[in-house]
Amino acid sequence: MSKKEILSGNQSIARGFYEAGGGVATAYPGSPTVEVIETMKEYHEDIYSEFSMNEKVALEVGIGACYGGLRTMVTMKHVGVNICMDPLMSFTQSPVDAGFMLVTGDDPGMASSQNEQDNRILGKFANMPIFDPSDSQDAKDFVIKGLELSEEYKTPVMLRITSRICHARSTVELGEREEHMGPKFEPDPSKYCMLPPHTFKHQYTMKERIEKLQERANDLEINKLEEKGSDVLVITSGICYYNFKEVCPDVDVFKLGMVYPLPIDKIKKLSEKYSKIIVIEEMMPFIENELKLHGIDCVGKEFFSFTGELHSEVIEEGLVKLGVIKERQLKDTSKDDTTARGPLFCAGCPHRPVFDILKKAKVNVIGDIGCYTMGLLYPWEVLNANISMGSSLGIIKGMRLAMDKQGDDQKPIVGVIGDGTFFHSGLPGFANLKYQLTGEENITMIVLDNATTAMTGGQPTGESYHMDNMGQDMSVEDIIRTMGYDDIQRVDQFNYKEAKKAIVDATKRKGVSVIITTRPCALRYKIKETPFEVDPSICIGCKTCIKTNCPPLRMKKYEGFDKEKSSIDPNQCVGCGICAQVCPVGAIKRKKESK
């Protein structure tokens with residue numbers, strides 16, 4: 001009897017790669033795919049896996065492993081593919097001998113992302129076949145099938161998975177690992193050197209292999225037709241398949257496992273049998289447009305939302321409009337009342353005092369991507385621009401130039417960037433910030449060094465070594481100093497007054513000043529010291545401490561006092577002491593250890 005386990009989509013991807021004899025897996029951590037590599041590290045030691053410095057490097061490591069004969073997987077969130085597009089667009093011209101799969105975690109509804117880009121379009125743009133699993137079993141199976149087709153057609157392939165499937169769990173049938181080793185690297189400029197004249201012939205190579213795959217798609221077993229005898233046909237893939245089945249189980253459905261290239265001949269033949277073809281897909285009308293490009297009449301996005309997840313309720317609403325079902329049966333969950341709860345920094349987060357200082361300093365702050373992106377939310381609301389990883393350095397330079405041109409050269413401007421983002425894509429920005437300035441511009445950059453990539457769960461960065469001896473030594477300060485910066489200070493932001501003075505003084509100086517804050521992530525390193533407590537007889541209820549937005553702090557009624565006073569939950573307090581330092585009357589003190 002075969003063994004079965006309940007796995008998440010991410011765990012299933014890792015399992016599929018293991019069973020397929022995968023050799024090297026690389027990634028940059030980003031929701032929703034972080035657990036793929038974490039699962040590799042925890043359960044599949046046969047596979048070399050790493051969190052690389054950024055997606056471009058992850059892809060390049062993967063390209064080398066693939067060229068060397070190892071089955072390779074590279075994972076990232078959807079916007080990460082933008083970072084590796086440069087090598088990707090040339091790499092997909094290469095005819096590969098060992099299987100190569102790029103996993104992209106798309107995020108319909110933007111649960112934890114800055115945009116909702118649909119990477120099926122990038123997959124087609126890069127001439128890659130695209131697989132779109134509907135559950136954990138699909139996720140595992142499509143990894144294995146995708147790598148097989150990658151080698152059969154000598155093409156890199158894309159596995160596109162969405163947040164819901166990444167984190168949802170379902171039963172998966174497990175198989176055994178089959179060791180796989182491709183051919184050793186043999187130098188061949190026509191295959192591995194993407195310059196003319198070699199590239200010319202590969203334009204034809206890519207076109208021909210997509211055409212062959214389109215033909216193969218017609219009888220590919222992961223493209224499944226389910227017939228119920230209806231006169232309409234629904235074409236769908238991914239999580240939409242199960243959401244549709246929940247609403248309308250008795251309609252014929254063509255479930256696509258490979259969404260590019262499509263089985264066009266088969267769908268053309270099917271279209272003669274049905275009165276209407278309905279395409280149900282999340283985000284862009286990718287499948288719908290592909291069908292229409294081939295002259296296949298169908299409907300889709302005019303009845304279903306172009307953004308967000310297509311839950312069963314949304315699909316049901318569209319099917320009612322189409323007349324496929326007569327009336328709605330599902331309750332619209334959007335009408336349920338829930339308690340609003342916004343994202344917030346963890347208890348003891350070292351970013352909190354920095355944003356408190358910046359808010360009180362009332363300076364123009366340029367943000368970046370990481371936990372500290374929450375600095376743009378209530379109660380901080382100090383970030384005035386936030387675009388993508390590493391962009392703060394370029395934006396601050398351009399904005400400084402604009403402010404100076406408009407006569408605002410006396411107004412300070414501050415940028416923030418974490419150590420993970422510093423190594424990801426901040427280094428070129430720092431180099432460019434130094435280059436071509438006169439040295440008179442007033443710019444302050446704060447590197448929020450918490451020694452981890454905190455937002456995605458605490459993966460190591462190039463600076464983590466000094467906390468847990470992972471990797472080799474790299475110092476943010478040494479790197480910046482080597483670039484030629486000399487106005488650099490390291491501050492302990494839990495020493496609030498000194499940190500405030502250092503930051504405020506830096507914003508008043510001409511030239512580029514760099515502040516490196518040094519407290520590590522409280523959550524990643526499980527930091528907890530003796531908690532603080534409030535003396536209600538001293539507290540004046542001014543809420544200055546509450547405004548630091550630390551989770552253990554709240555207002556409450558004390559016995560014997562009419563007015564609400566501040567209080568601290570000792571179970572949440574990690575003892576950072578920022579509340580005590582901002583209290584104007586000294587009402588907050590470290591709790592005395594019980595004897």
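The values are calculated or read from the model by the stated rules, or taken from the named source; none is laboratory data. Everything quoted here is computed from the prediction, not taken from an experiment. When we count neighbours, we look across all protein chains shown, and the Cβ atoms used for this are built from the backbone with ideal geometry, even at glycine. When the accessible area is computed, the model is the full protein with side chains, heavy atoms only, and any ligands, DNA or RNA have been set aside. Shrake-Rupley method; radii C 1.70, N 1.55, O 1.52, S 1.80 Å.
Miscellaneous remarks
- Residue in the stretch 187-206 that is under 32 Å from the mean Cα position of the chain (by Cα), modelled with pLDDT of 95 or more and surrounded by 22 or more Cβ atoms within 10 Å (Cβ to Cβ) present: no
- The set of residues from the stretch 284-313 being β-branched (V, I, T), within 27 Å of the chain's Cα centre (by Cα) and either buried (at least 16 other Cβ atoms within 10 Å of the Cβ) or part of a helix (DSSP H, G or I) (or both) comprises just one member, I287.
- Filter result for K326 (more than 17 Å from Y241 (Cα to Cα), charged (D, E, K, R) and assigned to a helix (DSSP H, G or I)): no
- Total residues in the stretch 364-382, condition open to solvent by 20 Å² or more (accessible area, probe 1.4 Å) and on the phi < 0 side of the Ramachandran plot: 8
- Some residue of the stretch 163-176 being over 28 Å from I239 (Cβ atoms) and either touching a residue at least 40 places away in the same chain (Cβ under 8 Å) or crowded, with 21+ Cβ neighbours inside 10 Å (or both): yes
- Cross-chain or 6+ apart pairs with Cβ under 6 Å, the stretch 429-457 first and under 14 Å from R400 (Cα atoms) and open to solvent by less than 10 Å² (accessible area, probe 1.4 Å), then of a type in the set (S, T, Y) and in a helix (DSSP H, G or I): T444/T507
- Cross-chain or 6+ apart pairs with Cβ under 7 Å, the stretch 1-13 first and open to solvent by 70 Å² or more (accessible area, probe 1.4 Å), then among the charged types (D, E, K, R): K4/E173; I6/R169
- Among residues of the stretch 535-549 that are free of Cβ contacts under 8 Å to residues at least 24 places away in the same chain, those with a Cβ under 7 angstrom from a residue that is open to solvent by less than 40 Å² (accessible area, probe 1.4 Å) and outside any loop (DSSP other than H, G, I, E, B), sequence gap 6+ or separate chain, pair up as I546/L553; I546/S566.
- Elements of type helices (runs of 4 or more DSSP H) in the stretch 66-133, at least 1 residues being of a type in the set (A, V, I, L, M), in contact with a Lys or Arg (Cβ under 6 Å, 6 or more places away or on another chain) and open to solvent by 40 Å² or more (accessible area, probe 1.4 Å): 80-83
- Residue in the stretch 148-161 that is closer than 23 Å to G123 by Cβ, without any contact (Cβ under 8 Å) to a residue 24 or more places away in the chain and loosely packed, with under 14 Cβ neighbours inside 10 Å present: yes
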